[in-house]
Ligand SMILES: Nc1ncnc2c1ncn2[C@@H]1O[C@H](COP(=O)(O)OP(=O)(O)OP(=O)(O)O)[C@@H](O)[C@H]1O
Ligand SMILES: [Mg+2]
């Protein structure tokens, strides 16, 4: 179903994106590291999963967002890895042969347990084993997909942060039967996690292919809505479709959310769109509250940008006025950059803007 609120796995449930899936699959075949970039709810996970399922080669899929609620700990990461390996083993049983006998790995049926206390059991070691499995696998490689890879940056190992860039650079040079796909936001992944523009980064100078997912155009967004409603046997007036588009722009996750809610209520009216928007704003609030818990200054910055204050100095002045005291330049810069990293704020030609119209709407009320 087109409006299904979960990420899609099958192309038949996906609207458009043929080009992007083709590009992603070709890149996985040819290049060791591919980045799938895009803002929140633009369809990264769906495009990734459809491509992985169509490739037929074995893959390991890790949704790092799971770690957000678990303090980015090593224990949580190993639990996630155990689950990912178990799920890969249940489809590609021969992988077991490459895990049995490894210290710290226990296999019960299809269930793989990794012991995080075993010092020799590192991510690098597991990738080495996967690489050997890749050699004999159909296609000659295994895909390792990190969904929301910027979260890897927050992982803390036994002796502090894990340098994921190092691990990837090692794999790039030494593990020819692995292909990596990393999804995330442009700034978060490219600049902060992998630091591809930084000569001291372990990955600097290595070729990394980028596939970008953009918002749908207005035409495509309307077509998506029409198709989704048709699927549910509902005819919806043009004014309603326009109204939904106005609320959410071409962000497919929101379009699907609005469509799904309206099918549930069977009430395709302008009032219903407004009601769904209220519900969506509550979701936005929950997501932003997590950010505001880190610092309440984020709320002031978002409020300023939502009121069309789009320059660095304008934002600084506004936040200082609301706070009633001056802030250091570096502090303001760091706060704005974090919002950009989270894909909440975008920088376009030197001006700041809020990427998602619903976040902008909510921010005006802060
Ligand atoms: N091309 C598409 N056709 C139909 N539905 C889609 C498409 N792309 C995404 N969706 C739907 O939009 C929602 C968000 O998609 P998805 O989770 O894949 O995006 P994402 O970019 O990974 O989002 P997030 O930033 O939350 O991780 C889901 O309900 C999904 O089913
Ligand atoms: Mg996702």
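Read-outs throughout are calculated quantities, based only on the coordinates presented, and are distinct from any laboratory measurement. For clarity, every value in this text was computed on a predicted model and none was experimentally measured. FYI the Cβ positions are ideal-geometry reconstructions off the backbone, even for glycines, and counts take in every protein chain you see.
Contact order for the chain, expressed relative to its length and based on alpha carbon pairs under 8 Å spaced 6+ residues apart, stands at 19 percent.
Counting beta carbons within 10 Å around each of 297, 204 and listing the fewest first gives the order 204, 297. Once C-alpha pairs closer than 8 Å and six or more residues apart are averaged by separation and normalised to the residue number of segment 1-112, the relative contact order reads 20 percent. Each of residue 16 and residue 230 was given a label point 7 Å from its Cα along the Cα-to-Cβ line. The distance between the two points is 1.5 nm. Could you please state, rounded to a whole Å, how far the C-alpha centre of segment 115-191 is from the C-alpha centre of segment 267-328? Using only Cα atoms to place each centre, the spacing works out to 35 Å. Helix 270-294 and the long axis of the chain differ in direction by around 60°, with both axes built from C-alpha atoms. Build a GNM of the chain with springs between Cα atoms under 10 Å apart, and of 331, 150, 242 the one that fluctuates most is 331.
If I take R0 = 35 Å and measure r between the Cβ atoms of residue 330 and residue 31 in this structure, what FRET efficiency does the formula 1/(1 + (r/R0)^6) give, to the nearest 0.05? Before the final figure, lay out the partial values.
Working: r = 37 Å, r/R0 = 1.06.
FRET efficiency, residue 330 to residue 31: 0.40.
For the chain, modelled as a GNM with alpha-carbon contacts under 10 angstrom, which of 40, 79, 117 fluctuates the most? Comparing 40, 79, 117 in a Gaussian network model of the chain, the most mobile one is 117. The relative contact order of segment 140-205, computed from alpha carbon pairs under 8 Å that lie at least 6 residues apart in sequence, is 40 percent.
The length gained on full extension between residue 279 and residue 53, counted as 0.36 nm times the residue separation minus their Cα-Cα distance, comes to 78.1 nm. Comparing 52, 194, 99 in a Gaussian network model of the chain where C-alpha atoms under 10 Å apart are linked, the largest mean-square fluctuation is found at 99.
With the Cα gyration tensor of segment 96-195 giving a ≥ b ≥ c as the square roots of its eigenvalues, does the rule (a/c under 1.5 for rounded; else a/b larger than b/c for prolate; else oblate) give rounded, prolate or oblate?
Values: a/c = 2.02, a/b = 1.33, b/c = 1.52.
Cα axes put segment 96-195 in the oblate bin.
Within segment 17-212, the ratio Rg/Rh, alpha carbon atoms throughout and Rh by Kirkwood, equals 0.93.
Compute the orientation-averaged projected area for the chain from the convex hull of its Cα atoms and round it to one decimal in nm². Can you show the working numbers first?
Values: hull surface 79.2 nm².
Average projection, Cα convex hull of the chain: 19.8 nm².
Between rounded, prolate and oblate, where does segment 162-205 land on the alpha carbon gyration tensor, with a ≥ b ≥ c its root eigenvalues, rounded for a/c under 1.5, else prolate if a/b exceeds b/c? Please list the in-between numbers first.
Values: a/c = 2.13, a/b = 1.36, b/c = 1.56.
Here segment 162-205 falls in the oblate category.
Spatial offset of segment 200-233 relative to segment 1-68 amounts to 10 Å, using the alpha carbon center of each.
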